[in-house]
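Trainee: Got a structure here, written out as structure tokens. Questions coming.
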Amino acid sequence: MELKLQRHPKNPLFGPNPNHLWESRFVFNPAVAYDGELFHMLYRAQGEDMVSRLGYAVSVDGVNWNRFEKPVFTPSTQAELYGVEDPRITYLEGYYYINYTAYSPTGIKVAMARTKNFITYERFGTILPESPNKDAALFPEKINGKYVLIHRIEPDIWLAFSDDLIHWDNYVSIAKPRKDSWDNLKIGAGAPPIKTEHGWLLLYHGVEKAARSIYRLGFILLDLNDPTKVIKRSEEPILEPEEEWEIFGGVPNVVFSDAMVRYKDKYYVYYGGADNYIALATIDVEEVEKWAKS
């Protein structure tokens, strides 16, 4: 049984704003959290200086968004000189934790901050020393007494473990590219894992080596008690570039997601199209559960 996401008819939800210098060229790769009443989005934006900053948008229905005029999270240290990129949001122990990529001449590293209101942030700086390392997201609860972080040292998806969210060790590679498949070059986590009765549901991206690399999305199901164990993985992509604005853009042939939330009886997957636009695709929770059991 193979799954396919359904694009929302209002796609793309929004694009660059030429009136704001900080987001006049590209908006993409959003992180989204749903608090039971409102959807909160942090999205990556680039303007005239091509430095990545994070904008904030809020929505009642997850489709129609109100955006702030100014970024809410911007580079603050030399380790972020080129930008703060590709956030993922995990609600954990009363805070929204944001894992993001700090990009500078010294490297591409995993960094973290947290907030309760998406306006003010407590920064932890870089939390993993390796470079390049990115595509990081926290699990929403401890597993066997440890915090668990998913991250990507090319070309694999890895886990790391911690007692305090700051010091991480026991790196384990849990998934690799597959030869002769749509994810044969490199893979990375998409949204933070979602807990289901069948396992941790992980949205991930896979890159196919081609004349121009193609980014697609798939699912991985991880064991609830030992997330280093892969139970199941998409044989075929659940979303791939098909629309003109997904094929042509700042980076062609890309659907790239940092966000999946459960809303009523569906999973809402937010993604960037060709690094130009922000879009939404959905799938029934029941359909994913059938796949997990099959």
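The values are calculated or read from the model by the stated rules, or taken from the named source; none is laboratory data. Just so it is clear, the model here is predicted, and its values are computed rather than measured. Cβ coordinates were reconstructed from backbone atoms using ideal geometry, including for glycine residues, and neighbour counts include every protein chain displayed.
Trainee: Among the residues that make up region 274-292, is at least one of them surrounded by 14 or more Cβ atoms within 10 Å (Cβ to Cβ), over 14 Å from F28 (Cβ atoms), of a type in the set (F, W, Y) and free of Cβ contacts under 8 Å to residues at least 60 places away in the same chain?
Mentor: no
Trainee: Follow-up. Is it true that N133 is more than 19 Å from the chain's Cα centre (by Cα), closer than 19 Å to P227 by Cβ and at pLDDT 95 or above?
Mentor: No, not satisfied.
Quick grid of which residues meet (1) in contact (Cβ under 8 Å) with a residue 12 or more places away in the chain; (2) in contact with a Phe, Trp or Tyr (Cβ under 8 Å, 6 or more places away or on another chain):
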residue: L138; (1), (2): yes, yes
residue: R152; (1), (2): yes, yes
residue: D156; (1), (2): yes, no
residue: N170; (1), (2): no, yes
residue: K179; (1), (2): no, no
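Trainee: Another question about this same structure. Working carefully through the options T77, T106, T120, find the one that is modelled with pLDDT under 95 and surrounded by fewer than 16 Cβ atoms within 10 Å (Cβ to Cβ).
Mentor: T106
Trainee: Could you look through region 151-188, keep only residues that are of a type in the set (V, I, T) and not in a loop (DSSP other than H, G, I, E, B), and pick out the one that is surrounded by the fewest Cβ atoms within 10 Å (Cβ to Cβ)?
Mentor: Step by step, filter region 151-188, then rank; the result is V172.
Trainee: Something else about it: Give all pairs with beta carbons closer than 8 Å in which a residue from region 250-262 that is touching a residue at least 12 places away in the same chain (Cβ under 8 Å) meets a residue that is basic (K, R); count only pairs at least 6 apart in sequence or on separate chains.
Mentor: Between residues of region 250-262 that are touching a residue at least 12 places away in the same chain (Cβ under 8 Å) and residues that are basic (K, R), the close pairs are G250/R25; P252/R212; N253/R212; V255/R216; D258/R88; A259/R88.
Trainee: Would you mention how many residues in region 123-142 are crowded, with 17+ Cβ neighbours inside 10 Å and not in a loop (DSSP other than H, G, I, E, B)?
Mentor: Counting residues in region 123-142 that are crowded, with 17+ Cβ neighbours inside 10 Å and not in a loop (DSSP other than H, G, I, E, B) gives 6.
Trainee: Let me ask you something else. Given the structure, is P237 modelled with pLDDT of 95 or more, buried (at least 17 other Cβ atoms within 10 Å of the Cβ) and over 17 Å from D86 (Cα atoms)?
Mentor: Criteria met by P237.
Trainee: So N64 passes all but one of these: (1) surrounded by fewer than 17 Cβ atoms within 10 Å (Cβ to Cβ); (2) in contact with a strand residue (DSSP E or B) (Cβ under 8 Å, 6 or more places away or on another chain); (3) closer than 22 Å to Y263 by Cα. Which condition number does it fail?
Mentor: Going through (1) surrounded by fewer than 17 Cβ atoms within 10 Å (Cβ to Cβ); (2) in contact with a strand residue (DSSP E or B) (Cβ under 8 Å, 6 or more places away or on another chain); (3) closer than 22 Å to Y263 by Cα one by one, N64 breaks only (2).
Results for (1) of a type in the set (S, T, N, Q); (2) touching a helix residue (DSSP H, G or I) at 6+ places or on another chain (Cβ under 6 Å); (3) part of a loop (DSSP other than H, G, I, E, B); (4) within 14 Å of I194 (Cα to Cα), shown as yes or no for each residue.
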position: E236; (1), (2), (3), (4): no, no, yes, no
position: W245; (1), (2), (3), (4): no, no, no, no
position: G250; (1), (2), (3), (4): no, no, yes, no
position: G272; (1), (2), (3), (4): no, no, no, no
position: A279; (1), (2), (3), (4): no, no, no, no
position: T282; (1), (2), (3), (4): yes, no, no, no
position: E287; (1), (2), (3), (4): no, no, no, no
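Trainee: Now, a different point. List the number of the failed condition for L38; all other conditions in (1) in contact (Cβ under 8 Å) with a residue 24 or more places away in the chain; (2) touching a strand residue (DSSP E or B) at 6+ places or on another chain (Cβ under 7 Å) hold.
Mentor: So the condition that L38 fails would be (1).
Trainee: Would you please list the contacts, defined by Cβ atoms under 7 Å and residues six or more apart or on different chains, that run from a residue in region 66-94 that is closer than 21 Å to F26 by Cα and among the aromatic types (F, W, Y) to a residue that is in a strand (DSSP E or B) and at pLDDT below 95?
Mentor: none
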